[in-house]
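Derivation of every value follows stated rules applied to the coordinates shown; laboratory data play no part. Owing to the predicted nature of the structure, the values given are computational and were not obtained by experimental measurement. FYI the Cβ positions are ideal-geometry reconstructions off the backbone, even for glycines, and counts take in every protein chain you see.
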Amino acid sequence: MWLVELAAVSGEDAVTAAISAALGITEQPGRSALDTLLDALAPQDMLVVLDNCEHLIGSCAKAADAILRQCPRVRLVATSREPLGIGGEALYRVPPMSLPGPDDGGPAAPGSSDAVALFAERSKEQGVLLSLDGETGPLIASICVRLDGLPLAIELAAARLRSLSLSDLAGRLDQRFRLLTGGSRTAAARQQTLQAAVDWSYSLLNAAEQSLLGRLSVFAGGFDLAAAEAVCGAGDIERLEVTGLLGSLVDKSLVVADPAGPALRYRLLETIRQFAAERLAETGEDQAAVEAAHCAHYLGAAETAALHLTGPEQGRWLARLDADRANLGRAAVHAARDPAGTAQVLRLGAARRRYWITRFRDEEALALLRPALESPQAPADPRLFAAALVTAAFAARRLDIAAARRFGERAVKIARQLGAAGLLIESLGALSYVCYRAGEPNRGLALGQEAVERARQLGDDVLLGQSLADYLVSDALIHPAARAYLQQAARAGPEIGGEHLDLSINMGWVLRQDNDPGAARASFHAVLRISRRNGDRSGIAYACLGLACLAADDGDWYRAAVLHDAAQAFLDRTGQPWEELEARYRQRSFSQLATHLSQQQLEQAHATGLTLSSGQALDLASGKALRA
């Protein structure tokens, strides 16, 4: 077995000479270096490793092809950042170092991933002993993930611990190319800093590949081929050229291609993305034009998806929006930074309404729309303005009920002035729902009835169903068919990948009325778990209330009292009142407690409930012991 080091070799004609030198084969006068090499290798049974072929890829391919054809007992292993592209080549892509997974719980341990193990080992070599406890473990895991598991980056980061604390290192990774320097003095120059390592790969690209890589840096997370063509196919790169150039960047390990069903999605490692973004800014290429193309593409994607979110294909389209969520967020940032981008922000808001509602992204929606709606340019297109106000009203219904009412009322006013039937129905439905949550059921009922009547007159089943859902919550719960409809909706939920708090809450109450406390408890437990994960205090409050009523039904009075007070405490933090239905249930259940508990027990339960965390509430509701 022979090793041929090519990293320091330059010149396309030097590969054959380098192989001969490594194997001790001398030149013969009057014969070419390749013929001499082939004659020497033809009878041999050996393995030859050609290391670092990427900067001499053409010459390496030529030499390897000749050896394979004329030396049948010789085997070659070529290491390179791209394939040689010759017959007989079998590719093995070296997998990245394993990283801590998003669901890995507890402190990071050296054995939890290759990246963590390398970081701990290299830190120890620098004289820094890391205790992988609950405080430092997550930091180490975060550093390894943000460095994409790149071995050189991890080694350079560990070396920095001689002069930086772990938290200081983590806080400076946005400047990783300035930070991660000072590798081994005996290493090749391109392995002494992260900048030099990425520069080495970048320098091997042709001008078109370099330009495409810079443009790809505008993407956040993954993207598909159509997006790459739409965003990057302009100027000196024709749209039809993008496919070939993208494939070349994948071959050269600068773009990652991940299977996504029958298709592929592409992504840049964050280290490469930062480098490419810097090159895009330095080259003088119109970065604003690339960002504008990115924004336009994902705005179009959101508006196309919105057309399919009310039909049988909604699950597939919601999954598409899930995959592009990071890019839709990036597009919104681009639009918000543009002084003339208010209309694009409002269009994104109107198009993503149903997605945000389904995925419980209220804070995300409100953070985007509130500043845009306050812009002087916002009312320029009244129809678009009103549509965005409807989205904002739904987004604010759990976060800022006063703002939700303002948004809804303004949307209704504009829609009436425009005489826009569909928009008015949506606006009335939104305001009806907001009024119901704000403790104004009579006003909400009147608005909802108008929305339903207008939808029936228009003959639009989608708007009719939406209007009914917005205001008939309490009526639906006492309807004999409610359970069947809710169960049908629950079965449809997984098909669209949604977690529907209102559905589970309503199901809990229906199951309680149907004398099925076990199933009701499971439904409220689900709401509590989802709400804890989403940080939804309103959902936590309603789940605790349902569980409190069930505890009282079982005669577990003290547990019921604690959960009732916990429910009120969580709701108070939202600044919202109980909805009418839940207010009635709470009053009936709470009034029973005074007849079964002493004043001292009620006061103690109140004190405990006020300080109960959502996790403690879940434990309590799950039946864990509670001392009175």
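Listed values, structure above:
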{"read-out": "Note, ³J(HN,Hα) from phi for the stretch 306-321, Karplus 6.51, -1.76, 1.60, rounded to Hz, x at Gly and Pro", "value": "4, 5, 10, 8, 10, x, x, 8, 4, x, 5, 6, 5, 5, 4, 5"}
{"read-out": "Net lengthening on full extension, ALA607/TRP2 (0.36 nm per residue, minus Cα-Cα)", "value": "210.1 nm"}
{"read-out": "Answer label, with mean projected area of the Cα convex hull in nm² calculated from the coordinates and candidates [x] 26.4; [y] 35.0; [z] 36.6", "value": "[z]"}
{"read-out": "At 1.567 mPa s and 4 °C, Stokes diffusion of the stretch 347-386 via Kirkwood alpha-carbon radius, µm² per second", "value": "122 µm²/s"}
{"read-out": "Label-to-label distance, nm, for residues given as TYR92 and ASP199 (7 Å Cα→Cβ offset)", "value": "3.3 nm"}
{"read-out": "Debye equation applied to the C-alpha atoms of the stretch 1-150, log10 I(q)/I(0) at 0.17, 0.18 Å⁻¹", "value": "-0.87, -0.93"}
{"read-out": "Net dipole in debye of the stretch 398-456 [+1 Lys, Arg Cβ; -1 Asp, Glu Cβ; about Cα centre; nearest 20]", "value": "100 debye"}
{"read-out": "Cysteines not pairable in the chain (beta carbon separation under 4.7 Å absent)", "value": "CYS71, CYS144, CYS232, CYS295, CYS435, CYS544, CYS549"}
{"read-out": "Amide proton proximity set for ALA78, modelled H, under 5 Å, gap of 5+", "value": "LEU50"}
{"read-out": "Length added when fully stretched, ALA14-ASP286, from 0.36 nm per residue minus Cα-Cα", "value": "93.9 nm"}
{"read-out": "Whether the stretch 507-628 is rounded, prolate or oblate, judged on the alpha carbon gyration tensor where a/c under 1.5 counts as rounded", "value": "rounded"}
{"read-out": "Crossing angle, helix 461-471 versus the chain [Cα axis fit, 0-90 degrees, rounded to tens]", "value": "60 degrees"}
{"read-out": "Spherically averaged projected area of the stretch 2-79 from its Cα convex hull (nm²)", "value": "4.6 nm²"}
{"read-out": "Contour excess over end-to-end distance, with Cα ends at GLN417 and GLN457 and 0.36 nm allotted per residue", "value": "12.5 nm"}
{"read-out": "222 nm mean residue ellipticity, helices alone, for the chain (DSSP H n ≥ 4; -39,500 (n - 2.57); rounded to 500)", "value": "-19500 deg cm²/dmol"}
{"read-out": "Those residues of the stretch 133-153 whose amide nitrogen sits under 18 Å from the label point placed on SER165, 7 Å along Cα→Cβ", "value": "133-143"}
{"read-out": "Mean Cβ neighbour count within 10 Å, used as a protection proxy, ranking 80-90, 308-318 highest first", "value": "308-318, 80-90"}
{"read-out": "³J(HN,Hα) computed for each position of the stretch 250-266 - Karplus, 6.51 cos²θ - 1.76 cosθ + 1.60, integer Hz, glycine/proline x", "value": "5, 4, 8, 6, 9, 10, 9, 10, 10, x, 9, x, x, 10, 10, 10, 10"}
{"read-out": "Per-residue HN-Hα couplings for the stretch 536-542 [Karplus 6.51, -1.76, 1.60; θ = phi - 60°; Hz; x = Gly/Pro]", "value": "8, 5, 5, x, 4, 4, 5"}
{"read-out": "Using alpha-carbon coordinates, inclination of helix 482-496 to the longest axis of the chain, degrees", "value": "10 degrees"}
{"read-out": "Cut-off under 5 Å, modelled amide H: who pairs with ALA260 long-range", "value": "ARG265"}
